[in-house]
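The values are calculated or read from the model by the stated rules, or taken from the named source; none is laboratory data. Fair warning: this is a prediction, and the values are worked out from it, not measured in the lab. Backbone-built Cβ (ideal geometry, glycine too); neighbour counts: all protein chains shown.
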Amino acid sequence: DAGVIQSPRHEVTEMGQEVTLRCKPISGHDYLFWYRQTMMRGLELLIYFNNNVPIDDSGMPEDRFSAKMPNASFSTLKIQPSEPRDSAVYFCASSMPGSVSVNEQFFGPGTRLTVL
Amino acid sequence: GQNIDQPTEMTATEGAIVQINCTYQTSGFNGLFWYQQHAGEAPTFLSYNVLDGLEEKGRFSSFLSRSKGYSYLLLKELQMKDSASYLCAVNDYKLSFGAGTTVTVRA
């Protein structure tokens, strides 16, 4: 299996621009997670989906952030408009069917976002 | 809310043993994970504990005491490649991560 795939790997944009991050989970995994990692705040869960349905978006920082999962093999995280404080590494992770409590999460390589 | 504490940094010598402690106070508990993250890379799964006691996996072992809200990750026979950040993560219905412990292995 190719693992979790994320694109782009690096993104540099200017403040105010729209940014879209993409994720393809491991085939057969029905949980998908979006995380953000910064030096100051560590690794934070933004939102997670089960069977393409958003279950918990309490970690989404504000209305500028939105996430969708139109099908089992694709998810997007969008920031509009972007701000310099959004600069971080954004990870997507997926896990197997069953209880999210017991299944390890497999992380993608991350997207390093820099907002100037 | 979630409160997960682990030391910021640890340094050890190649071949030695290092123990990384993690204490937690969370609203719920459905298991504790340890992840390893090398600089510039994604976290990768190391271990999972849901019952009290020790889980051993080769050079790595993880211990859990639910009554004390305490876990540790034990790294034995340290190798240079073990230099990384080690993240403790508690699962209630979703994972909450500690800030991570950066382990530096010196020759």
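Given the structure, is A:Arg36 assigned to a strand (DSSP E or B), without any contact (Cβ under 8 Å) to a residue 60 or more places away in the chain and over 21 Å from B:Tyr93 (Cα atoms)?
Details: assigned to a strand (DSSP E or B): yes; without any contact (Cβ under 8 Å) to a residue 60 or more places away in the chain: yes; over 21 Å from B:Tyr93 (Cα atoms): no.
Taking the combined requirement at face value, the residue does not satisfy it.
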Residue count, the range B:23-41, condition within 14 Å of another protein chain (Cβ to nearest Cβ), polar (S, T, N, Q) and surrounded by 12 or more Cβ atoms within 10 Å (Cβ to Cβ), comes to 4
Of all residues in the range A:58-74 being among the charged types (D, E, K, R) and without any contact (Cβ under 8 Å) to a residue 12 or more places away in the chain, the one that is surrounded by the most Cβ atoms within 10 Å (Cβ to Cβ): A:Lys68
Of the numbered conditions (1) surrounded by 14 or more Cβ atoms within 10 Å (Cβ to Cβ); (2) at pLDDT 95 or above; (3) within 27 Å of A:Ala88 (Cβ to Cβ); (4) within 14 Å of chain A (Cβ to nearest Cβ), B:Ile20 satisfies every one except a single condition; which is it? (4)
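What is the residue count in the range B:62-107 for residues that are of a type outside the set (S, T, N, Q), under 18 Å from A:Glu44 (Cα atoms) and touching a residue at least 12 places away in the same chain (Cβ under 8 Å)? Please lay out each step first, then the result.
Initially, the range B:62-107 is screened for residues of a type outside the set (S, T, N, Q), giving B:63-64, B:66, B:68-70, B:72-78, B:80-82, B:84, B:86-90, B:92-95, B:97-100, B:103, B:105-107.
Remaining after also requiring under 18 Å from A:Glu44 (Cα atoms): B:86-90, B:92-95, B:97-100.
Filter once more, so that each one left must be touching a residue at least 12 places away in the same chain (Cβ under 8 Å): B:86-90, B:92-93, B:95, B:97-100.
Number satisfying all stated conditions: 12.
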Under 9 Å between Cβ atoms, at least 6 apart or on separate chains: pull out the pairs that start in the range B:42-61 with a residue that is away from chain A (no Cβ under 12 Å) and end on any residue that is assigned to a strand (DSSP E or B) and among the charged types (D, E, K, R). B:Ser61/B:Glu55
So which residues in the range A:75-116 are surrounded by fewer than 21 Cβ atoms within 10 Å (Cβ to Cβ), more than 11 Å from every other protein chain (Cβ to nearest Cβ) and in a loop (DSSP other than H, G, I, E, B)? A:Gln80, A:Pro81, A:Glu83, A:Ser87, A:Met96, A:Pro97, A:Gly98, A:Leu116
Hey, does the range A:39-60 have a residue that's among the acidic types (Asp, Glu), assigned to a strand (DSSP E or B), under 20 Å from A:Val89 (Cβ atoms) and at pLDDT 95 or above? no
